[in-house]
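The values are calculated or read from the model by the stated rules, or taken from the named source; none is laboratory data. As the structure is a prediction and not an experimental result, all values here were calculated from the model. For neighbour counting, all protein chains shown are included, and Cβ atoms are generated from backbone atoms with ideal geometry for every residue, glycine included.
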Amino acid sequence: MSVKNIKSPIEIKEFDASYADGNSVVSLPAECFTSEDFFKFEMNAVWGHEWFCIGRATDIPKAGDYYTIQVGDDPLIVIRDRSGSVNVLSNVCQHRGMILIEGSGNTRRLRCPLHAWVYNTSGELVSAPGLTDKEDEQFDVKEVCLPKIRTDLWEGFIFITFDKEIAPLSDRLTNLGDQLKNYNMTELRSAEPLTMEKFDWNWKIFNDECYHCSFLHANSWGDMYPLPQSHVDEMVKFNDVGRGLVSYNLISPHLDAAPTHTGSVLQPAIDTLTDEERTQLSYITVAPNLLIVAMPDKVKYFLWLPSGAQETWYGVSWMYPESTLARDDFQEKFDQEHEDLAPVMVEDLYAWRGVQKGYRSQFATRGRLTSDELVIQRLQNWLIDKYRTENSRAEDSNIDIAIRPLAEVN
């Protein structure tokens with residue numbers, strides 16, 4: 001992650017037309033989805049100065065359990081140590097830069113495959129052949145450790161930030177946790193660990209809205225869960241754009257409705273939900289990279305991490321109460337629902353791929369957003385605020401550099 005402030009390669013005033021302030025709003029410039037220079041700027045502006053999600057603590061339940069991820073150019077290890085804490089460490093050996101470990105599993109130590117430098121699960125160096133085993137070498141292992149990323153947990157989700165000064169995660173998400181308390185998300189668990197796959201489009205294309213639902217998904221989702229636009233409510237309590245929370249509800253035609261072949265949930269409803277919660281599907285984006293879908297029987301989440309200007313890691317997982325996971329018919333119903341929703345996912349992948357392809361064209365333009373796209377307008381506002389802040393930091397840094405020689409002369 002770059003620590004040098006970068007000025008936006010797109011003139012910052014160009015974003016004014018994409019900022020919702022009571023007037024008409026257009027989409028972001030196509031370069032925001034294709035330019036490597038803008039991607040580098042954005043890695044600072046957004047990913048370098050915000051909390052973002054990297055998975056679930058329930059995916060690493062035992063000491064030594066780990067999985068690996070990558071954020072931009074930074075490979076990371078997510079691991080539970082002997083104390084039970086979740087650590088997020090750089091996956092780069094502090095000797096010669098070798099990647100320490102890949103995939104997921106369980107380990108007692110992190111051993112570099114190149115020269116066998118060994119770190120414990122807290123990132124502390126334990127041994128370094130050629131240094132720690134020779135008395136004539138003046139070398140203190142305590143002076144070397146893997147960089148540890150600032151980490152916090154919220155409702156069982158693991159969040160990290162590269163910004164050491166940013167306010168605690170609780171400042172941002174405590175209220176949302178209270179609003180979703182009936183779902184008991186901390187206690188929910190997925191049947192399988194999250195799997196991330198790489199796709200060939202920009203991370204912002206995953207930003208969710210339901211303007212497309214009645215069109216792209218008319219014959220898939222629409223046959224299972226009717227979606228007239230009047231049943232999409234974008235003015236819901238979860239919205240808090242300043243904290244990067246953008247949401248809408250789908251208002252269900254009946255209790256426990258869901259997009260399945262039966263028109264209802266296939267698993268038992270969560271018994272702590274109110275009737276109101278059982279007659280809606282709540283889609284909540286925690287910017288920049290987590291979409292929570294609170295449903296009567298489960299909570300789904302969608303997670304994405306940036307790889308490049310036109311590459312992103314993406315994964316989806318479904319979380320249930322332990323009582324549901326223990327049912328004899330759980331797997332059968334789980335497989336059925338996946339089969340029912342498979343055409344919807346195919347359509348989404350088709351659309352995301354097509355949008356990225358369109359943005360690469362010389363004819364890509366900044367289309368007018370409709371009043372049914374408040375989600376996108378709100379997300380654009382959050383992003384543009386980040387862009388403006390980073391651009392100001394870069395300009396201030398340039399001014400400081402420019403005046404420093406004069407100060408030294410004086």
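When 190, 220 are checked against the criterion of being under 18 Å from the mean Cα position of the chain (by Cα) and more than 30 Å from residue 40 (Cβ to Cβ), a single residue qualifies: 190.
When the range 379-395 is examined, which residues are found to be of a type in the set (Ser, Thr, Tyr) and free of Cβ contacts under 8 Å to residues at least 40 places away in the same chain? If the condition is that a residue be of a type in the set (Ser, Thr, Tyr) and free of Cβ contacts under 8 Å to residues at least 40 places away in the same chain, then 392 is the only one that fits. Only one entry of 380, 336 meets the criterion of being assigned to a helix (DSSP H, G or I) and either among the aromatic types (Phe, Trp, Tyr) or in contact with a Ser or Thr (Cβ under 6 Å, 6 or more places away or on another chain) (or both), and that entry is 380. Scanning the range 20-34 for residues that are part of a loop (DSSP other than H, G, I, E, B) and either assigned by TED's automatic domain parsing to the domain that holds residue 75 or buried (at least 17 other Cβ atoms within 10 Å of the Cβ) (or both) yields a count of 6. Any residue at all in the range 156-166 that is surrounded by 15 or more Cβ atoms within 10 Å (Cβ to Cβ) and at positive phi? So far as the range 156-166 goes, yes, one or more of its residues are surrounded by 15 or more Cβ atoms within 10 Å (Cβ to Cβ) and at positive phi. Inside the range 97-137, residues that are modelled with pLDDT under 95, of a type outside the set (S, T, N, Q) and either in contact with a Cys (Cβ under 9 Å, 6 or more places away or on another chain) or on the phi < 0 side of the Ramachandran plot (or both) make up a count of 8. Residues in the range 346-363 that are within 19 Å of residue 31 (Cα to Cα), out of contact with any Phe, Trp or Tyr (no Cβ under 6 Å at 6 or more places or on another chain) and not hydrophobic (A, V, I, L, M, F, W, C): 353, 354, 357, 358, 360, 361, 362. Taking residue 382 as the residue in question, decide whether it is crowded, with 17+ Cβ neighbours inside 10 Å, of a type in the set (A, V, I, L, M, F, W, C) and more than 23 Å from residue 186 (Cα to Cα). The answer is yes for residue 382.
Does residue 363 satisfy the condition of being among the aromatic types (Phe, Trp, Tyr), under 30 Å from residue 23 (Cα atoms) and modelled with pLDDT of 95 or more? The answer is yes for residue 363. Any residue in the range 43-62 that is farther than 27 Å from residue 105 by Cβ and part of a helix (DSSP H, G or I) sitting within a Cβ distance under 9 Å of a residue that is among the hydroxyl-bearing types (Ser, Thr, Tyr) and at pLDDT 95 or above? List the pairs, counting only those 6 or more apart or interchain. Within 9 Å, the pairs are 45/8; 45/387; 45/389; 46/387.
When the range 35-79 is limited to residues that are charged (D, E, K, R), under 14 Å from residue 307 (Cα atoms) and more than 17 Å from the chain's Cα centre (by Cα), the one that is surrounded by the most Cβ atoms within 10 Å (Cβ to Cβ) turns out to be 40.
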